[in-house]
Amino acid sequence: MLDKMSREELRDVIRATVKETVRETLSEIGMDSTHPLDLQRDMSFLRDLRVARDSVTVKAMLVGLGVIVTAALGAIAVGIRHWFSSSP
């Protein structure tokens, strides 16, 4: 059968097979490939959500670090004040 198929026919068969495989794969993971623009918007939204989450995570870590450094500096300042006030 492959011997009798032209290059164009073989290309069309391969293209149709790949297209169907991609559709089935997207469908199995819950993505509707019949509306590609909606799918693109959904992917864009998910990317924006991930980037925002990463940004919030970094800022939260910086706030936590700031709290720790402030507490440490406060403890040092209290220790120094206590040391100077208790010296004869």
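The values are calculated or read from the model by the stated rules, or taken from the named source; none is laboratory data. Worth saying up front: this structure is predicted, and the values here are computed from it rather than measured. Here Cβ is always computed from backbone atoms with ideal geometry, including for glycine, and neighbour counts include all displayed protein chains.
Each residue in the stretch 26-47 was checked for being in a helix (DSSP H, G or I) and either surrounded by fewer than 10 Cβ atoms within 10 Å (Cβ to Cβ) or of a type in the set (S, T, N, Q) (or both), and 5 of them qualify.
When every residue of the stretch 13-25 is checked against the conditions, at least one turns out to be assigned to a helix (DSSP H, G or I), at pLDDT 95 or above and among the small types (Gly, Ala, Ser). For Ala60, state whether it is in a helix (DSSP H, G or I), over 30 Å from Leu26 (Cβ atoms) and modelled with pLDDT of 95 or more. Yes: the conditions hold for Ala60.
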